[in-house]
Each structure stands twice: as structure tokens, then as C-alpha cells.
Amino acid sequence: MALLFFLILAFCTGPALLESSARVRLVRGPHRCEGRVEVERNGQWGTVCDDGWDMNDVDVVCRELGCGAALKTPSGNLYKPLAEEDQKVLIQWVNCSGMENELTECEQVEDVFDCTHKEDAGAMCEKSPPRVRLVGGRHHCEGRVEVERNGQWGTVCNNGWDKKGAHVVCRELGCGAAVGTPSGNLYKPLAEDQKVLIQWVNCNGMENELTECEQVEDGFDCPHKEDAGVMCVLPETVRLFGGPGRCKGRVEVKHQGQWGTVCKAGWNLSAAKVVCRQLGCGKAILTKRCCNRDTQGKNFIWLSEVSCSGEEESLQDCPSALWGENNCTHADDMWVECEDPFDLRLVEGDTLCSGRLEVLHKGEWGSVCDDGWGKKEEQVVCKQLGCGKSTFLSSKARKKFVPGVGRIWLDDVRCSGKEQSLEHCQHRFWGHHNCNHKEDVAVNCSEQSSGLLHVSPDPLRP
């Protein structure tokens, strides 16, 4: 009878017990494996007091989140914005052995009696590598979709593949919004020796990882000519600022919405290689300490003690000191120069700052179609060339420029006006258009603005 009563009690209270089970997350960090620790109780998220908080506890959090090794126990107050005053501190004290799989398995005191948000706990884990990648594109946010299964990389069939799946891939890779689902065959070399690992995918677009989507593995009747591709916006988390073009300048990184510089401490050519790769530029050709008083940074110094192997996809993947923690001055800011595989120029004009717009892609110059072209697009071009403000030309005024010949590289270009390079604006896939050379874009900028005018050499013209 006692056993029957216990079973009835367990059955009746089961949902409430499940409801009170904890979950954990790290918020306001640079990625999901670093940040202020928050736990969930009955649908409410709250913080954890740092009483007793140590590396054993961080080990457990990192394991529960599927992240890499525990690295540090930073204060939760390093991650801005801070917790709201009305958000509760849900755990006063935690004591883990470090072997538990979830934080709920550790000893803890939930009655919070004397802990404020000034004592919120934080955790820093190694960022877990994504199990999806984009290959063959201009940068890590564009290319043929490949997934990893048991250490083997293979492709994804485009059966059911759509913008929702592309959004998930872009999110998992830390890229910007999905802007296209091109055929994977556009990216060379082709994946001839690889397996097709996923036959069909159906995402709702809100998943954080591709593995969360419905899918059928084993591509039993899908050849590589049906490989899926994705094009995402390359997010601006690193830039080379103040130089002649987007691939040369002072190294700056964005953190908590603010741009700041990188200190020379620990910096080397391997770190410069990572920056060049992340920006979609060519190989690193120079790195040095920057700058004079007029060109050095003014505000935050975000990173120091950066230690890259040179193989990382982004500078944020390299180990470093905590954001903002350093003994540097702006005299220690770093400068990097990369080869630029993308270039642009104005030709057939009266000055270096006016003429028909041409872009360099795969070593060949071509024109830009005027479908959708406007003031914001012209503003980006003038800024990239180091010219002054754009003086937007009417259709009639553009006709005075001689039409181009050969390639039309870009069509349906859409810029916000804030991009550092025309390459960062949305556009159709390279070479895809419905235009003729009568629709070539011409640009007129007011003047050279800063002494940094970028003139592209033309091997085909004397």
C-alpha cells in the first residue's frame, strides 16, 4: 500500500518536479560558450551568485552546454548590459566536484539571502567548433554546405533546401543574415570524392544548429550536382580601419556594439593571417605596430595577449586576455596589410573620382548593372575609393560615359550605406544578371577627401 501511495504521489507531482528542473545558459558574451551564468526555474531565468564559484563549477557548465574545456571564472559583471535589477538571483551557492553532467547535480543553496547582481558568476569555455561549414566561397560565410559526421566531412543535398535552412547555417556559423541559396556547384573545386551525408533537410528557420532540423541522412540518390550552397552576410566583427582600402589598416574588433583596437602584446603574423582570412582578403603581407597620433585609436582597447595558430576562422576564436583587460596604450595599436582580391575603379571619367564603375573579381575587371542602384550604393563606392561625398548622377548624366565591354559582374546591388566595401553589400551571385552594358553604373564623387585615394593599376591600359 505504501508503494502504491508513493507511485500515485510521484505520478501526481511529476509535472511540477519536471517544471522546476534547471537549465543553464551564458549570456552577453562573444559567443554562446562565454558570458554571465543564468539558470532557469519554472520558466524564469535568473543569475547565480559567485559564492563558492570555481573552475569545477565552470567545468560542469561547459559540459552541460556542449562547449569545450573550461578556461576561466570571470565576473558576470564583465558582460554588458548588466542583469536587470528586477531579475532574480536564483542560486546563492554552488559546489560541484567537476564530474557532474549538469549544474542541477551539484550541491547548491537556492534560498538567496545576501547576494546582489554585483556578485553574479561568469564562465568562459572554449568555443565548440560548429559541425557545419561553407567551403569554396570568398570567406567563411559563403560556399558549399558541408557537415561533419564521425570526423568525416560531406555535402548536403538540395532536396527541400531553402532560405530557412540557410538562415540556420548562417546563425550556427556566427555569420549575418542569409542572402542566397546558390548551387553548391558554383564553388570550386567540386566535392567529387566526398559522400553526400544528408539527403533532405527541413528547418523552420529558428533553430540554432542544423542538427536541430528535421533531416534524412545518407544521400542515397543525390549526386554532387545537387549539392546545397549558402550565401550569408559577412558580419563586421573585425575591420582594418584608416588605411587605403578595406584590406589595409589599424586592426579593430567590435565588442558590445563598440569598436576598439588590438594591442601588440602577443600579436604576430599568424594573427594577421586570421584577420585577412576573416575579411575575405588575400594573404597577410605585413603587420606592424601602428600609428602616429593622428591615426591611432581613440577609445577602447579591447584585445591583448592574442595567441593565434593562424588556422582559426576568426580572431574571436583565438585565445586572448579578457575583453578590455590590458595595460596597453593606443601607441601599441596594431596595423595589418593583406592582399585584396576584390578591387574597384572608376574609368573613362574626367577625374580619378568619377567614371564608369568597374570591379575586379577573379582577376578580371567587369562592370556593375544599375538595377536598384542609388545614393547609398554610390556612397559606399566613394568612401572605399577615398574620394569625397557622392554627387548622385541622373540616368541622363550617366549616359555620357562610354559603356563597358566584356563582363558584367554585379547586379541588384543593395547597400545600407555603412559598408566599408561594395563587396559587403547584398547582390546577385557574381556574373548573374539580366542587363546589358547600356545599364552600366557610373559614379561621381565630389573630391578626394583624405589623401588616401586608392588607384587600382590597370594592366590592360597604358
Residue in the stretch 393-405 that is within 16 Å of residue 355 (Cβ to Cβ) and under 34 Å from the mean Cα position of the chain (by Cα) present: no
Residue, nearest to the chain's Cα centre (by Cα), within the stretch 303-318, restricted to residues that are in contact (Cβ under 8 Å) with a residue 60 or more places away in the chain and in a loop (DSSP other than H, G, I, E, B): 314
Enumeration of residues in the stretch 115-131 that are loosely packed, with under 15 Cβ neighbours inside 10 Å and not hydroxyl-bearing (Ser, Thr, Tyr): 118, 129, 131
Top-ranked residue of the stretch 69-114 - restricted to ones that are small (Gly, Ala, Ser) and exposed (fewer than 14 other Cβ atoms within 10 Å of the Cβ), ranked as nearest to residue 26 (Cα to Cα): 69
Residues of the stretch 351-383 that turn out to be under 20 Å from residue 426 (Cβ atoms) and among the aromatic types (Phe, Trp, Tyr), as a count: 1
Boolean, residue 58 is surrounded by 20 or more Cβ atoms within 10 Å (Cβ to Cβ), touching a strand residue (DSSP E or B) at 6+ places or on another chain (Cβ under 9 Å), of a type in the set (A, V, I, L, M) and not in a strand (DSSP E or B): yes
Members of the stretch 70-101 found to be out of contact with any Lys or Arg (no Cβ under 9 Å at 6 or more places or on another chain), assigned to a loop (DSSP other than H, G, I, E, B) and of a type in the set (S, T, N, Q), listed by number: 73, 87, 97
Residue in the stretch 320-327 that is in contact with a strand residue (DSSP E or B) (Cβ under 6 Å, 6 or more places away or on another chain), among the polar types (S, T, N, Q) and outside any strand (DSSP E or B) present: yes
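Residues checked against (1) assigned to a helix (DSSP H, G or I); (2) without any contact (Cβ under 8 Å) to a residue 60 or more places away in the chain; (3) assigned by TED's automatic domain parsing to the domain that holds residue 247:
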residue	(1), (2), (3)
368	no, no, no
379	yes, yes, no
392	no, yes, no
396	yes, yes, no
402	no, yes, no
417	no, yes, no
Test result for residue 166, assigned by TED's automatic domain parsing to the domain that holds residue 36 and among the small types (Gly, Ala, Ser): no
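The values are calculated or read from the model by the stated rules, or taken from the named source; none is laboratory data. Owing to the predicted nature of the structure, the values given are computational and were not obtained by experimental measurement. Backbone-built Cβ (ideal geometry, glycine too); neighbour counts: all protein chains shown.
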